1. For residue 28, only one of the following conditions fails: (1) assigned to a helix (DSSP H, G or I); (2) within 15 Å of the ligand (Cβ to nearest atom); (3) over 19 Å from residue 311 (Cα atoms); (4) in contact with a helix residue (DSSP H, G or I) (Cβ under 6 Å, 6 or more places away or on another chain). What is its number?
2. Name every residue in segment 280-329 that is in a loop (DSSP other than H, G, I, E, B) and under 17 Å from the mean Cα position of the chain (by Cα), in order of residue number.
3. Restricting segment 142-169 to residues that are away from the ligand (no atom under 16 Å from the Cβ) and without any contact (Cβ under 8 Å) to a residue 40 or more places away in the chain, which is surrounded by the most Cβ atoms within 10 Å (Cβ to Cβ)?
4. Tell me which of these residue 107 doesn't satisfy, since it passes every other one: (1) within 15 Å of the ligand (Cβ to nearest atom); (2) closer than 30 Å to residue 228 by Cβ.
5. Can you tell which of 241, 285, 262 is touching a residue at least 24 places away in the same chain (Cβ under 8 Å), surrounded by 13 or more Cβ atoms within 10 Å (Cβ to Cβ) and over 24 Å from residue 103 (Cβ atoms)?
6. Within segment 120-141, count every residue that is more than 16 Å from the ligand (Cβ to nearest atom) and assigned to a strand (DSSP E or B).
Ligand SMILES: *Cc1c(COP(=O)(O)O)cnc(C)c1O
């Protein structure tokens, strides 16, 4: 329908590159990997602190998943560790903008260019963020977004791929539209009637419906107010929770203007379970993001085991995501903050 194109062009205005809409962030990743022609034997380099869709959609092409550990303070892939993981089979570096904060894209770009690799950004958390003044979506070769309800904006279910490279975007689009070729100039079967369409490479159907694009257009028109709200919530947490012994706040790199998807705090791993349960018991829907991807049982048959990526393990062991979303009221946030303060005082009072 007509709103699909309209949604894609509104999204382009925000992310700074042409887009194709799809049915989820997982679908977007699948299309990005299809666009680069990922095949068995290829390797991709990714961080463990992410939702497993980052890896799953590459693994189902038969690619080998190579993990590189994170920076302790941001949760993002550490560019200093990437080069050692590159082999002749490496095809792409896939960064994840954890919590909404862009990864170190300039550093990753230098490495990608030096080794002739593709740079993909899983921006499921970071729609609306900028990196050194540039919009997320206009920096990597391919960027993927999710519009799941918990993300920075929603189409109920949905996602998108953006690319600064028209050829890669066209491949992602074709894969998401059953591989159908409709442009007569590209036809291999000549002299057909106006009904003709043909397939050169297999694809799937990930079309985002018109009705969901209507919701997306409405959401995008409110994105900057959503961003302001999330930034205000972030700033209030940072002010109220600073200088508490045993509590580590998220690091915010000043060159990033972040639309925060998560507010990840870290607590002593010895107390994480108790603190998490007490917050849940007070009605606060905290979450843990994420079990390091390589520790999912699906990876154990591939030879991965706990301890392989100690910085990710350590990050996970103490992480708790406090609620941050557009409709969170100030008095609700103050209740969350007071609960954290109370719990910390009761557990670590000798140190306060
Ligand atoms: C949510 C998410 C995805 C998947 O998006 P869906 O729309 O839920 O399929 C992929 N990567 C990351 C980092 C995510 O947080």
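1. For residue 28, the exception is condition (4).
2. First, pick out the residues of segment 280-329 that are in a loop (DSSP other than H, G, I, E, B): 282-286, 288-292, 296, 301-309, 323-329.
Passing the criteria: 288, 289, 290, 291, 292, 324, 325.
3. 165
4. (1)
5. Just one listed residue meets the conditions, 241.
6. Of all residues in segment 120-141, those more than 16 Å from the ligand (Cβ to nearest atom) come to 130-135, 138-139, 141.
Retained after the next criterion (residues that are assigned to a strand (DSSP E or B)): 130-131, 134-135.
The number of residues fulfilling the criteria is 4.
No value in this document is a laboratory result; all are computed from the given coordinates. What you see is a predicted model; the values in this text were computed from it and never measured. Glycine also receives a Cβ, built like all others from the backbone with ideal geometry; neighbour counts cover every protein chain displayed.
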